[in-house]
Amino acid sequence: MFAVAGHIAYDYSNSESFNWDSTGLKELRAGLVGQYILCDDWNLVLGAEYTGILNDTVENAGTWTGTFGVNYNIDET
C-alpha cells in the first residue's frame, strides 16, 4: 500500500520579545511526503519540501529539502 500527504505551513520568527512587526523572518513551506508500507511493522518514507523566504530583503531565498527514511511502526500504520 502507498499513501501520500501534502502540507503547507507559514512560519514567522522574530528575536525581539515585544517587536512583532514587519522586521521578523517570514517563511512559506510546502511539500509532499509518500509512505510505502512494506508490512505491518515497517514502511519507507520519501518526501520533498520547498521553503521560501517572503522578506523583500533576502535574495535567492528558496531551498529544497529531500527526505528518505525507514520507519518502524510501534502500533498500527
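Summary of values
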{"item": "Close pairs from the range 54-73: first touching a residue at least 24 places away in the same chain (Cβ under 8 Å) and within 23 Å of Val33 (Cβ to Cβ), partner of a type in the set (Gly, Ala, Ser) and surrounded by 12 or more Cβ atoms within 10 Å (Cβ to Cβ), Cβ under 6 Å, at least 6 apart", "result": "Thr67/Gly47"}
{"item": "The range 41-68: number of residues that are of a type outside the set (A, V, I, L, M) and surrounded by 11 or more Cβ atoms within 10 Å (Cβ to Cβ)", "result": "12"}
{"item": "Matching residues in the range 29-43 - criterion: being touching a residue at least 24 places away in the same chain (Cβ under 8 Å) and either closer than 27 Å to Tyr10 by Cα or polar (S, T, N, Q) (or both)", "result": "Ala30, Gly31, Leu32, Val33, Gly34, Gln35, Asn43"}
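Read-outs throughout are calculated quantities, based only on the coordinates presented, and are distinct from any laboratory measurement. Predicted, not measured: the structure shown is a model, and the values here were computed from it. All Cβ positions, glycine included, derive from the backbone under ideal geometry; neighbour counts span all protein chains shown.
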